[in-house]
Each structure stands twice: as C-alpha cells, then as structure tokens.
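Here's the structure, in structure tokens; my notes come after.
The values are calculated or read from the model by the stated rules, or taken from the named source; none is laboratory data. Since the model is a prediction, treat every value here as computed from it, not as a measurement. No Cβ is skipped: glycine too gets one built from the backbone with ideal geometry, and neighbour counts run over all protein chains shown.
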Amino acid sequence: MIKVAIVGGTGYTGVELLRLLALHPHAQVEIITSRSEEGMRVADMYPNLRENYPELVFSIPLVEQLATCDVVFFATPHGVAHGLADEILQAGVRVIDLSADFRLQDADEWAQWYGQAHGAPHLLGEAVYGLPEVNRDAIKGARLIAVPGCYPTAVQLGLLPLVEAGLADTKQIIASCASGVSGAGRAAKVGSLFCESAENMMAYAVTGHRHLPEIRQGLRHAAGQPVELTFVPHLVPMIRGIHATLYATVVDRDV
C-alpha cells in the first residue's frame, strides 16, 4: 500500500482528497494534519467518511512524521507548501501540492501575484505541472507535482488543442468563466454568504486574477510565443463546478 499524508485536511480540497483516496485500492491515509483541529477525528468532522476513516485523527504537521509516508499531499492555502516541501523531498518522499506554490515557473512572478517571496525558488524548475493531458509521462516519475488551479484547468483544456495546432490567433483570446461558491474555500466570507451569492452572478478580480499568469504560462508553452489573454472570472450561485466560455479567432478558416 502507498502510505499517504495530507497536510491541511479541513478545507474543501482536503475533504475531496480524502473521498478520492478512500476509493483508491492502493492508497492508505496514515496522517492528516490541522493546527486548528488537532485531536479531532476525521469521522467527527466528516460523518460521511466515518466508515473509511474511523480512527484517523488530525495532528500537527511535523516533518519527521510526514517523512514516514510515501507521498505527502498539501491541501493548504498558498505559502505553506513551499516552506516544507524541501525537507520532505530530501527525506525521499514525493510531494503533490494542490495549492499554488509550485505552479508558476518564475519566482518573481509568483511573488508579484501572491504577495510574498517564494520560499523554495530552487524547486520551481523541478516541479512538474500536473495536467495529465499535457504531462502524463512526466507526472509518473516526478518527485514534486504542482496540481493546476481550477480556472487554469478548464481554460487550458478548452484552448490547448487549438493553440497547439496553430489554429488560434494568440493575440486575442478571451476566457469568460463562472465558478461555484466552494471555489472561494470553506472559511466564512461575506461574499460567500447565502444572501450575497444566491440568485446573483458577479464578476470579480477583473483587474487581474491570480490564475491569469498560470493560464498564460501554459498557453505560451503550447504556442511557443507570448499569448494575449483576457480572463474574467465570475461567481455564480452553485456549490461547485466551473463553466468556461472561450473565444479565439481561427487563423485558418479552411480547417
């Protein structure tokens, strides 16, 4: 069995990861961490998973304990994984980061969008962008995997076939996307309240969303040249899911 540790298991990403791993025939979650819920059983926080994790308890993240596993998942806010990943990797343990810490290849660009210096810039060149449709073979042997963001996954999967084939004008691409409220995370926020989000739809981060450089990076790599992208995200009154409406001018209309 593959021994798994999860750092940050109390958010929506963490519980979805728990659900998926419970269905994996060769994975066993040995450690799950949470500083705020230390000592609580997973079964008490998520009763729907009580049969899968009857005795698993949240604990404080300690590198020496995480290093006893085969793979460590980070389901944390940005800025956590890049502070612990190096030690874990040095212990011979694979790291799969579901946060944004290793998605961008440029440390300065990451700092610009996330408001802090990157804690492990020397690892950015090693991190494999975890989009299976693009990097399936590289993912298999990677020590460090950066799981793509939600909007970047939807937008890239829709546009990459056109961009790779040279059929889209990369100087004028538009992505108008709509996300469910769970994308904002589990923490209480005014914008996520029922009275704010129900029967409502609104654009947000129109001057620049953190997923914009990640999308541009992927499309630029596929196109082999700079990409001009207008990206506008919207919040819609549904729990989960993303709808991406993508616009591009076709270069060769005979196709």
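Some notes on this structure:
- Condition met for residue 29 (buried (at least 19 other Cβ atoms within 10 Å of the Cβ), under 30 Å from residue 154 (Cα atoms), touching a helix residue (DSSP H, G or I) at 6+ places or on another chain (Cβ under 8 Å) and outside the structural domain of residue 160 (by TED's automatic domain parsing)): yes
- Any hit, the range 198-210, residues being among the aliphatic types (A, V, I, L, M) and buried (at least 17 other Cβ atoms within 10 Å of the Cβ): no
- Just one residue in the set 66, 18, 62 is hydrophobic (A, V, I, L, M, F, W, C), assigned by TED's automatic domain parsing to the domain that holds residue 142 and either surrounded by fewer than 16 Cβ atoms within 10 Å (Cβ to Cβ) or modelled with pLDDT under 95 (or both); that residue is 62.
- Exactly one residue among 169, 252 is part of a loop (DSSP other than H, G, I, E, B), surrounded by fewer than 20 Cβ atoms within 10 Å (Cβ to Cβ) and among the acidic types (Asp, Glu), and that residue is 252.
- Residue among 123, 131 that alone is buried (at least 18 other Cβ atoms within 10 Å of the Cβ), among the hydrophobic types (A, V, I, L, M, F, W, C) and farther than 26 Å from residue 34 by Cα: 131
- Among the residues of the range 173-202, those identified as under 21 Å from the mean Cα position of the chain (by Cα) and over 18 Å from residue 11 (Cβ atoms) are 175, 176, 177, 178.
- Of the residues 180, 158, 141, the single one that is in contact with a strand residue (DSSP E or B) (Cβ under 9 Å, 6 or more places away or on another chain) and assigned by TED's automatic domain parsing to the domain that holds residue 10 is 141.
- Only listed residue being modelled with pLDDT of 95 or more, of a type in the set (Lys, Arg) and buried (at least 22 other Cβ atoms within 10 Å of the Cβ), chosen from 94, 103: 103
- Criterion (in contact (Cβ under 8 Å) with a residue 40 or more places away in the chain and either closer than 30 Å to residue 92 by Cβ or surrounded by fewer than 21 Cβ atoms within 10 Å (Cβ to Cβ) (or both)) met by exactly one of 175, 142, 188: 142
One line per residue, one yes/no per condition, for (1) closer than 30 Å to residue 121 by Cα; (2) among the polar types (S, T, N, Q):
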site: 155; (1), (2): yes, no
site: 192; (1), (2): no, yes
site: 196; (1), (2): no, no
site: 204; (1), (2): yes, no
